[in-house]
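The values are calculated or read from the model by the stated rules, or taken from the named source; none is laboratory data. Bear in mind the structure is a predicted one, so any value in this text is a computation, not a measurement. Heads up, the Cβs are rebuilt from the backbone with ideal geometry, glycines too, and the neighbour counts pull from every protein chain shown. Keep in mind that these areas ignore ligands, DNA and RNA; they rest on the heavy atoms of the full protein, side chains included. Shrake-Rupley method; radii C 1.70, N 1.55, O 1.52, S 1.80 Å.
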Amino acid sequence: SPKPDKQHLFNLKFAAKELQRNSKKCDKEEKAEKGKVKQAIQKGNMEAARIHAENAIRQKHQSVNFLRMSARVDAVASRVQTAVTMNQVSKSMSGVVKSMDATLKSMNLEKISALMDKFENQFETLDVQTAQMEDTMSNTTTLTTPQSEVDSLLHEMADEAGLDLNLELPPGQTSSLASSVASTEQDELSQRLSRLRDQVS
């Protein structure tokens, strides 16, 4: 069976770049959708505004997912490289390599995630980082669009358009909600990183 070689490593690294490109595409889409939200609000078309806001939020989440997966594929590529260099390629790893190329080309996050699971299982000593990335990934692959985020985006765009929106918002659910969620995620991430640094040093 084929062993991972330079070509496979190249394909992994190429996939990581490709995932990053897809993330940037989503960022562009998000910007475009935000613009449409503003236009719809200015025309007083709230239904269209909400649909574009949902699209914008979806693109934003998708962008983060692509970026996280890119980092994960990159980490696996380094691992495979080490295994190849140190001549530690197991039979089962060669098995994983067989199905790899088609999966990477698909750019399907769930399929790539499953493939990375297989690779990561090959490295018995999963380092903390990959395990933690795994956690954050599994929490974000579902592409739901939280209404609170959609509502706060609608408000943000209305503000920029200089208009006042009277959305029926449940009490206390204003745009601060989305930002507090984001900052909580950031805090958790920085805490994890500093813990990792402590373990390394």
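Remarks
- Karplus-derived 3J(HN,Hα) values for segment 9-25, using 6.51 cos²θ - 1.76 cosθ + 1.60 with θ = phi - 60°, are 4, 4, 4, 5, 5, 5, 4, 4, 5, 4, 4, 5, 4, 4, 4, 5, 4 Hz; glycine and proline are entered as x.
- Accessible surface of segment 1-106, 1.4 Å probe: 53 percent of it comes from carbon and sulfur atoms.
- Proximal charge balance of Lys24 [Cβ under 12 Å; K/R count +1, D/E count -1]: +1
- Taking trypsin sites (Lys or Arg not before Pro) across segment 4-88, the ones in a DSSP loop with at most 15 further Cβ atoms lying within 10 angstrom of their Cβ are Lys43.
- Positive-end residue, segment 1-106 charge dipole about Cα centroid, Cβ charges, pick of Leu19, Ala102, Ala83: Leu19
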